[in-house]
1. Between Glu327 and Ile202, what is the label-point separation in nm under the 7 Å Cα-to-beta-carbon projection?
2. Take each of the peptides 273-280, 291-298, average the number of other beta-carbon atoms within 10 Å over its residues, and list them starting from the highest.
3. Can you list the residues of the range 43-79 with backbone N under 16 Å from a point 7 Å past the Cα of Ser22, pointing along Cα to Cβ?
4. Springs between alpha-carbon atoms under 10 Å, Gaussian network over the chain: tell me which of Arg192, Arg105, Arg163 tops the mean-square fluctuations.
5. Using only the Cα atoms of the range 122-259, what semi-axes does the equivalent ellipsoid have when each is the square root of 5 times a gyration tensor eigenvalue? Give whole Å, largest first.
6. Show the residues, 5+ positions off or on another chain, whose built amide H is closer than 5 Å to the amide H of Val286.
7. Determine the shape class of the range 19-102: with a ≥ b ≥ c the square roots of the Cα gyration tensor eigenvalues, call it rounded for a/c under 1.5, and otherwise prolate if a/b is greater than b/c, oblate otherwise.
8. How much of the DSSP bridge set in the chain is antiparallel, in percent, rounded to the nearest 5?
Amino acid sequence: MELGVYTFAERTPDPRSGETVSAGQRIEDLLEEVELADRVGLDVFGIGEHHRPDFAVSAPAVVLAAAGARTERIRLTSAVSVISSDDPIRVFQDFATLDLLSGGRAEIMAGRGSFVESFPLFGYELDDYDELFAEKLELLLAARAGEVLDWPGTRHTQAVAGRGVYPRPLQDPLPVWVAVGGNPPSAVRAGRLGLPLALAIIGGMPERFAPFAELHRAAAREAGHEPPPLSINSHGYVAETAERAVEESFGPFKAMMDRIGRERGWPPMAPQDFAAARTLRGANFVGTPEEVVEKILFQHEIFGHQRFLIQFSVGTLPHEAVMRSIELFGREVAPAVRARLAETPA
């Protein structure tokens, strides 16, 4: 199993001090986090795209390129690229360039976006939310498929007649994952296209998401593909003791989730909600290295997934706390998971 970290580069007020780091400082801290993840042997680092003041990154490929110059082996992916409100050809070019800069380590995680600020910013209608993603994903794959692009154009994409798309990446094909939250048709679409699926599980009981994995694999088989890889992406925090993990992560986590909840009509998070989420059958990976190992393996029995990514910076945590959590995840959790899975008969 590949194990890694993803982040949205949050820059909300620290619930302890009330201070908010600058966007520049948050990005510098983020680059140090990617460097550390590479150094401790993690496989993947993902950076999300947002167009809001509480997140520092709107152009993941640019930040990932900076990270590529400071790392050696870790794979570098968006988490996600909101292709619905972007030009898919330009997205492909950006990540093809990242692939060249990083020696073949770039990936695109394509998503529809859980926030909607990019749609009016770039002139798109929210009424076209689903149609935009479907059409632009197809164009992204067409640009990936070959050097010369012939594309008939659709309602939301331009026609392209025999034009070259450059540069070409080192990887052929450049990996494209489809990110899914709670939308079954998106899982089916990814399977039908033979694309790997990144399934976000940030609430509820994980086993309730098992049908998404089955829909993805069944659609792939029906379309004549081998079942593509599956990634589970979740929130978490690792500390030396369970008490420390809860004490350090609950305040920032609650502040962020309550902030988003006020926009979406969710009730405030209570301590018992957080406690339930960190149990074995809950969604969050908050605890000691041993607890996180057991939970990853428990979910592997449900999903049989090939990748697990964890988001540590849910809300604003001190940079040194995130770094310590990455180190524990890389030096203790990842080797234990790999060893345990290696002992399991195929």
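1. 2.8 nm
2. Packing order, densest peptide first, comes out as 291-298, 273-280.
3. The answer is 56-57.
4. Arg163
5. Working: eigenvalues 242, 72, 55 Å².
Calculated on Cα positions only, the semi-axes equal 35, 19, 17 Å.
6. The list, which skips near neighbours in sequence, is Tyr237.
7. Details: a/c = 2.05, a/b = 1.06, b/c = 1.94.
Oblate, since a/c reaches 1.5 and b/c is not below a/b.
8. Counting DSSP beta bridges with both partners in the chain, the antiparallel share is about 15 percent.
Computed from the coordinates by the stated procedures, all read-outs in this text should not be read as laboratory data. Source: prediction; values computed, not measured. Every residue, glycine among them, receives a Cβ derived from its backbone with ideal geometry; neighbour counts consider all protein chains shown.
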